[in-house]
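Following: one structure in structure tokens, then a few remarks.
The values are calculated or read from the model by the stated rules, or taken from the named source; none is laboratory data. Quick caveat, the model's predicted, so the values are computed rather than measured. Every residue, glycine among them, receives a Cβ derived from its backbone with ideal geometry; neighbour counts consider all protein chains shown. Just the protein is used for accessible areas: all its heavy atoms, side chains included, with ligands, DNA and RNA removed. Shrake-Rupley method; radii C 1.70, N 1.55, O 1.52, S 1.80 Å.
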Amino acid sequence: MYIIPNPKKYMLFDEWFDFSDKLIITLPVGTVPAEYIPVYTELISNYTAGMTKAEFVLSDKLCGAAVISKEPFCDTLCEKTDDEYELHVKPDGAKLVFSGETGFIHALTSFIQLIRIDEGYCYARATDVWDSPKINFRAAHLCVFRETTLGFLKKSIAMCGMAKYSHIVLEFWGMYRYKCCPGLSWRDAYTDAQIKPLVLFANALGIEVIPMLNHMGHASQGRVAIGKHSALDTDLSLAPLFEDDGWSWCTSNPKTQNLLAQCRRELCELCGEGKYFHIGFDEAYTFATCRRCMKYDRLTLMKEQIINTNNDIRSLGRRTIMWADMMHDKSTYDMKVYTCLTGSGEYVIKKDLPRDIIMAEWQYDCTEIFKTALSLNEDGFDTVTCPWEKYGNIDAATETVAQNGLFGVIETTWHTLGRNIDRLSYAGEKMWSIEGTGGHAVHHLISAFHMRRCVPSNGNYAEAGINEHELPSLY
Ligand SMILES: [Zn+2]
């Protein structure tokens, strides 16, 4: 089938929609912003090996429906649906049925995924698809490391788009150059001019980009074991912004708060319109230890950091998302199952936190319904489950949300996406369909099929596939 997620209902026919140099997509006026159209024409060109030029025609005779055909479509066509999309491919063209922008995008990307190349022409198998997601908030957490090329980031976004995610959480590991403080990032960090086209690409694929900046631990914008610090290794005079060991921000320094507020605004502007901001807040192993912070109660400092930051994020018209690993009493869980809980007693501040905060509950070894997530939900927080690499863990996270009506899922990828691109399509599928397409190999093959078309390598070995190298590398 090669549509991801595998639709929960479809029919295949032994007929084919053949086309070659031209496709005309007729759609209602105002369905998507005009700036999205070049993304779709490029995708169709890529999926047809450059054979087919797509032309998008706006029509006021269509509502809630679009038509893909070889000749101009001039009839009137109106359909009503809820959130689901329908795609009906017949020998004379395809009909797309939807209720708004996102439904149109899902139907269009499903059609694009059906395109096959033959000698001198292309075709799509006659197919009827009816589909709708079982989870509304379907996010992937994408990390931009020094080793993450823009091409790989675009491929990752493309896979999220093809798998019909609703959101991407974008975390820069010292790799976004803040205008308010360039010294926070590595010298070769990406500029907004480099990142904004990727945000548009994501938006055109139906995805809202959620900005993320760690507001307590991980202030080094690095991993604890590697010892790099994007700010202090770039400009050591920035040391007063951080605790002595550099791992956490010095939250009692007003200059830190002023800087974080400026960074939040820059990231919101970079990532475009949206409803959320992710403040990190995991693994704050050490905080409130410097000469300035020692004067205060450490738990009060942490609580104020969350509440004050949340107030500012509210003023920006957004909701705070935070990692929840420090918000549990570890003694109440089996630590062999719930292996990702951290902290030393910080959970006691949870009762005082505003309930408009969304708790992101990450557990990477749990293969049962997430008891931790249910607990946060009972405490009054909208809660998202966050799995990682293990398929059984992804199954448990998505089932926890689907069965209990929780807020959504964030599939995390961290430093392993370079070997685990299949997890994006697998997790995306679990958020949509009842029946899965297959295991690791099948999802790797589907991913390669789409990456090859979405971001062509043009014979450049390093830019092809999922990884720069065929043999294992550190990344
Ligand atoms: Zn301090």
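For the chain, give the percent of accessible area contributed by carbon and sulfur heavy atoms, probe 1.4 Å, rounded to a whole number. Summing carbon and sulfur atoms, their accessible area is 52 percent of the total for the chain.
So what's the range 51-193 giving for Cα Rg divided by 2.2 N^0.38 Å, two decimals?
Values: Rg = 19.6 Å, N = 143, 2.2 N^0.38 = 14.5 Å.
For the range 51-193, the normalised Cα radius of gyration is 1.35.
Distances over 24 Å make up what percent of all Cα-Cα pairs in the range 367-475? Before the final figure, lay out each step's value.
Working: 2009 of 5886 pairs.
When every Cα pair of the range 367-475 is considered, 34 percent fall beyond 24 Å.
With the Kirkwood sum run over all distinct C-alpha pairs, the range 9-131 has a hydrodynamic radius of 14.3 Å.
Can you give the FRET efficiency for ASP188 and ILE117, using 1/(1 + (r/R0)^6), R0 = 35 Å, r = Cβ-Cβ distance, to the nearest 0.05? Write out the running numbers ahead of the final one.
Details: r = 38 Å, r/R0 = 1.08.
Given R0 = 35 Å and the Cβ-Cβ separation, E is 0.40.
Across the alpha-carbon atoms of the range 311-395, the computed radius of gyration and Dmax are 13.2, 40 angstrom. A simple spin-label model places pseudo-atoms 7 Å from Cα toward Cβ; at ASN404 and PHE449 they are separated by 3.5 nm. Note on the range 242-389: Kirkwood hydrodynamic radius from all Cα pairs is 16.2 Å, rounded to one decimal. For a straight C-alpha distance cut-off of 20 angstrom, the aspartates and glutamates reachable from LYS330 (same-chain residues fewer than eight places away being disregarded) are ASP282, GLU283, GLU346, ASP352, GLU361, ASP365, GLU368, GLU378, ASP379. What lysines sit close enough to LYS196 to cross-link, taking a C-alpha to C-alpha distance under 16 Å and skipping anything fewer than 8 places away on the same chain? Partners within reach: LYS154, LYS155, LYS179.
The 3J(HN,Hα) values that the Karplus relation (6.51, -1.76, 1.60; θ = phi - 60°) gives for the range 201-207 are, in residue order, 4, 5, 4, 5, 8, x, 10 Hz. Gly and Pro appear as x.
Output the peptides 430-440, 205-215, 457-467, 36-46 sorted from most to least packed, where packing is the average of other Cβ atoms within 10 Å over each peptide's residues. Intermediate values should be presented prior to the final figure.
Numbers: 430-440: 17.0, 205-215: 23.7, 457-467: 12.8, 36-46: 18.7.
Going from most to least packed, we get 205-215, 36-46, 430-440, 457-467.
Can you tell me the length gained on complete extension of the stretch MET294 to THR332, counting 0.36 nm per residue apart and subtracting the Cα distance?
Numbers: separation 38, 0.36 × 38 = 13.68 nm, distance 3.01 nm.
Separation in residues times 0.36 nm, less the Cα-Cα distance, equals 10.7 nm.
At a probe radius of 1.4 angstrom, the accessible area of the chain per residue rounds to 41 square angstrom. For the chain, the convex hull spanned by the alpha carbon atoms encloses 143 Å³ per residue. Summary of the geometry: the range 163-231 and the range 396-471, compared by the centres of their Cα atoms, lie 20 Å apart. Here each label is just a point 7 Å from Cα along the line to Cβ, and for SER99 and ILE307 those points are 3.9 nm apart. In the calculated pair-distance distribution of the range 109-202, the portion above 16 angstrom amounts to 65 percent of the Cα-Cα pairs.
As a calculated quantity, the FRET efficiency between VAL348 and ALA34 at R0 = 60 Å, using C-beta atoms, amounts to about 0.70.
For LYS228 and GLU470, what is the calculated FRET efficiency with R₀ set at 35 Å and r taken between the beta-carbons, to the nearest 0.05? Each step should come with its number before you reach the end.
Numbers: r = 27 Å, r/R0 = 0.77.
The pair LYS228/GLU470 has a calculated efficiency of 0.80.
Projected label points at ASN460 and GLU71, each 7 Å from Cα along the beta carbon direction, are separated by 4.3 nanometres.
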